[in-house]
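Each remark here refers to the structure printed beneath this line.
The values are calculated or read from the model by the stated rules, or taken from the named source; none is laboratory data. Small disclaimer: the values here were computed from a predicted structure and weren't measured. Every residue, glycine as well, gets a Cβ built from its backbone with ideal geometry; the counts of neighbours run over all protein chains shown. To get the accessible areas, we keep the full protein, side chains included, count just its heavy atoms, and leave off ligands, DNA and RNA. Shrake-Rupley method; radii C 1.70, N 1.55, O 1.52, S 1.80 Å.
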Amino acid sequence: MNELTADVLVAGGGPAGAWAAVKAAEAGASVVLADKGYLGTSGATASAGTGVWYVEPEPAARETAMASREGLGGHLADREWMARVLDQTYANMNELAEVSKYPFPVDGDGRQIRRGLQGPEYMRRMRVRVRRAGVRVLDHSPVTELLADGSGAVAGAAGYHVREDRPFSVRAGAVVLATGGCAFLSKALGCDVNTGDGALFAAEAGAELSGMEFSNAYAIAPAFTSVTKTAFYSFATFYRSDGSVLEGAGSRRGRSVIARTLLSEPVLCRIDRATPEEQRAMRLAQANFFLPFDRQGIDPFTDLFPVTLLAEGTVRGTGGIRIAGADCSTTVPGLFAAGDAATRELICGGFTGGGSHNAAWAMSSGTWAGRGAARYAAGLGGRAAARPVRALGEAGVRPSGPAAGGHAEHVAAVQAEVLPYDKNLLRTGDRLAAALASLDGTWRELRGTLREDGAGVVRARSAAAMAAHARWMYNAALARTETRGMHKRLDLPEQDPAQRRRLVTGGLDEVWTRPEAGALAVAS
Amino acid sequence: MIEVVSADRCVQCDVCIKVCPTDVFDRGPDGLPAIARQGDCQTCFMCEAHCPTDALYVAPFSGPAPAGSPHTDEAALAGAFGEYRRIVGWGRGRTPGSRADRNHIFTERLRTAPRNP
């Protein structure tokens, strides 16, 4: 066992975790960052290109930016949080230019255009910055459970060094969960490290989740490939295999038409509405978008190709760990959440499109969570490492009965309920209830038996996390008896003004959902 | 999925073993990176971007390429090695691809474009 201590432990090495680590270190904390994969390549951002919600600090522009998405999100976002994310994102993007020398493109007047980021370049530079800040980085070292002191405050975490094949623990004053959302191993670009682990850890510590009904994001990709870049499909036309146009299909509101058609027949696509200039711009915006086409000899602007929809769950859905304070604290002392692991309802409500808001939220919430965790740890006054602790992990690590393996079967059982379009995307009360009953059965079984030795603990815990995530999703989806944001109920297609409030979900063996107390929460 | 590690190009620097976010590679007995857990490959192309000697080829499929596929044949793929790293703009004497980024065009278009019903 490798035993470490730190003021702040950051779990997760995507953008939110990287910013949290930098800002905690700059606040004077000693910091350990543990990532399931590799800080610099892990997660949904590193392999993609993304716009960023970067808006000049001009009142009219900011007002337009905030107003533009409120309706799409079902009016569940919060103006105070949007304003502070716009402020923080503006500051962080300028830091990327000035501190990390990120090579932004320039306009005709030589001014940098700071409204987008390319994942490989961004995250490579964030790794450099994290290390220069003195953070100890543990790659290939997933956290597997939290540690708590006698009062229930989070006091560190345990994990596993996969490449060294040995466990580790970090005693810490505070923990930031920046483990990403949950895409259920759908092989959507960069998302297979995102199995919702942080939400499971948080729930075991007693934290709450919010917005879990907003968890049915699906991205368009060429069939049999991983590369999702839904924005480019706004230039596409969709066809049936007989060559007729699939009416109503589109990359935005028309995605359910694609899903419904895919249930019974292939859907073909051609990106035939982009001008030559736009075609060139696409190649420059996300280089790997074209790799699957170029390597298969397909010209996506002139050839028809089959498409699929890949589940992005809460990676692009907005549900996640509920935020209780302006410093991205949760309801559990010592526990902070950032990025996709946290709910993004505060700035997006029940819908996000591409990366823009998500990228802004990751860097902003990471900044606040890092600083908040450093402040909390400092407040413990050096007592942090002396606290007696207990490990909080249950499902997948401490089964209630005789242990057995079998994580792969449990994963397959969960995927069978959350990946199909006719269960998760095209929702009805009956189908949700049946799927939830099946998921409850999977949970009972794995809760009773699942444990795997050595590095197997990582897969077992990921399986448990996905099962928990799916149950929270469908419990919340059944509780929201209307259509709002991305949560579309075919049996309840209207928005119900009485349900304009967020839903809080929690629990492990018994899952519950209730409306958030009071009106829309404010920032502080 | 990752299909080819070129023994001719590889300098056994272990970078791919280190950077793979889903831990697909092990160091083989001959010192070359071995594709030990192909099923965990998420086809993110990050290993290709980071490989300093253009020794890796990720086939454009989320599953394994069928036996005999040209995507497993190093000789047939010569032109594809290093393609992604070149576009990302990494390696001596290259300009970062981010300098030519046009993502903001699409962000703007998505913000203003009419929606499908």
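Per residue, what volume in Å³ does the Cα convex hull of the range A:3-157 take up?
Here the figure is 156 Å³ per residue.
Can you work out the base-10 log of I(q)/I(0) for the range A:407-494 at q = 0.11, 0.14, 0.26 1/Å, using the Debye formula on its C-alpha atoms alone?
Log10 I(q)/I(0), no solvent term: -0.33, -0.50, -1.22.
Name the residue from A:393, A:370, A:415 whose Cα lies farthest towards the positive end of the charge dipole of the protein assembly as shown, charges +1 on Cβ of Lys and Arg and -1 on Cβ of Asp and Glu.
Toward the positive end, the furthest listed residue is A:370.
Can you find, among A:200, A:256, A:245, the residue farthest towards the positive end of the dipole of the range A:192-290? Put +1 on the C-beta of Lys and Arg, -1 on that of Asp and Glu.
A:245
Would you mind computing Rg(Cα) / (2.2 N^0.38 Å) for the range A:221-312, counting N as its residues?
Cα Rg divided by the expected 2.2 N^0.38 Å: 1.01.
Expressed as a rounded percentage, what relative contact order does the range A:392-524 have, with Cα pairs under 8 Å and six or more residues apart? Show your work: numbers first, answer last.
Details: 184 pairs, mean separation 36.5, N = 133.
Relative contact order for the range A:392-524 comes out at 27 percent.
Counting Lys +1, Arg +1, Asp -1, Glu -1, what net charge surrounds residue A:196 among other residues with beta carbon under 13 Å of its beta carbon?
Summing Lys/Arg as +1 and Asp/Glu as -1 gives -2.
Could you work out the relative contact order of the range A:1-84? I mean the mean sequence separation of Cα pairs under 8 Å and 6+ apart, divided by the number of residues, in percent. Present the calculation step by step, with values, prior to reporting the outcome.
Details: 74 pairs, mean separation 19.1, N = 84.
So the answer I get is 23 percent.
Return the value, in Å² to the nearest 100, of accessible area buried between chains B and A (probe 1.4 Å, both sides summed).
4900
Can you tell me the convex hull volume per residue for chain B, based on C-alpha atoms, in Å³ to the nearest whole number? Write down the numbers at each step before the final one.
Values: hull volume 18.0 nm³, N = 117.
Roughly 154 Å³ of hull volume per residue.
Dividing the convex hull volume of the Cα atoms of chain A by its residue count, what figure in Å³ per residue is obtained?
Looking at chain A, the number lands at 144 Å³ per residue.
Summing Lys, Arg as +1 and Asp, Glu as -1, what charge do residues with Cβ under 14 Å from the Cβ of residue A:398 carry, residue A:398 excluded?
Working: positive: A:390, A:447, A:451, A:461; negative: A:145, A:204, A:394, A:452, A:453, A:509.
Net local charge, residue A:398 excluded: -2.
Taking only protein heavy atoms into account and a 1.4 Å probe, give the accessible area per residue of chain A in Å².
On a per-residue basis, 33 Å².
If I model a spin label at residue A:113 and residue A:490 as a point 7 Å from the Cα along the Cα→Cβ vector, what separation in nanometres do I get?
Result for the modelled spin labels: 4.1 nm.
Quick check: at a probe of 1.4 Å, how many percent of the accessible area of the range B:2-112 sits on carbon and sulfur atoms?
After summing per-atom areas, the C and S share lands at 51 percent.
How high is the FRET efficiency between residue A:79 and residue A:514 when r is their beta carbon distance and R₀ equals 25 Å, given to the nearest 0.05?
Efficiency, rounded to the nearest 0.05: 0.55.
Could you check the simple spin-label distance between residue B:86 and residue A:386, using points 7 Å along Cα→Cβ, in nm with one decimal?
6.3
Could you size up the charge dipole of the protein assembly as shown around its Cα centre, putting +1 on the beta carbon of Lys and Arg and -1 on that of Asp and Glu, and report it in debye to the nearest 20?
Computed about the Cα centre, the dipole is about 1120 debye.
Local charge sum around residue A:513 (other residues, Cβ-Cβ under 9 Å, Lys/Arg +1, Asp/Glu -1)? Write down the numbers at each step before the final one.
On the way: positive: A:480, A:514; negative: A:213.
Around residue A:513, the surrounding residues sum to +1.
If R0 is 35 Å, what FRET efficiency do you get for residue A:133 and residue B:8 from their C-beta distance, rounded to 0.05?
Calculated value: 0.30.
Do you know the relative contact order of the range B:2-112, to the nearest whole percent, from alpha carbon pairs under 8 angstrom that are 6+ apart?
Result for the range B:2-112 is 25 percent.
What does the C-alpha gyration tensor say about the overall shape of the range A:134-214? Classify as rounded when a/c is under 1.5, otherwise prolate if a/b is larger than b/c, or oblate. Please report the intermediate quantities before stating the final value.
Numbers: a/c = 2.16, a/b = 1.12, b/c = 1.93.
In terms of gyration-tensor shape, oblate.
Go ahead and run the numbers for FRET between residue B:78 and residue A:403, Cβ-Cβ distance against an R0 of 56 Å, rounding to 0.05.
0.65
Taking 7 Å along the Cα-to-C-beta vector as the label spot, tell me the residue B:36-residue A:277 distance in nanometres, rounded to one decimal.
Modelled inter-label distance: 5.2 nm.
Assign one of three labels to the range A:73-218, namely rounded, prolate or oblate, based on the Cα gyration tensor with a ≥ b ≥ c the square roots of its eigenvalues; rounded applies when a/c is under 1.5, prolate when it is not and a/b is larger than b/c, and oblate otherwise.
Taking the square roots of the gyration eigenvalues as a ≥ b ≥ c, the range A:73-218 is prolate.
Counting DSSP beta bridges with both partners in chain A, what percentage is antiparallel, nearest 5?
Of those bridges, close to 65 percent are antiparallel.
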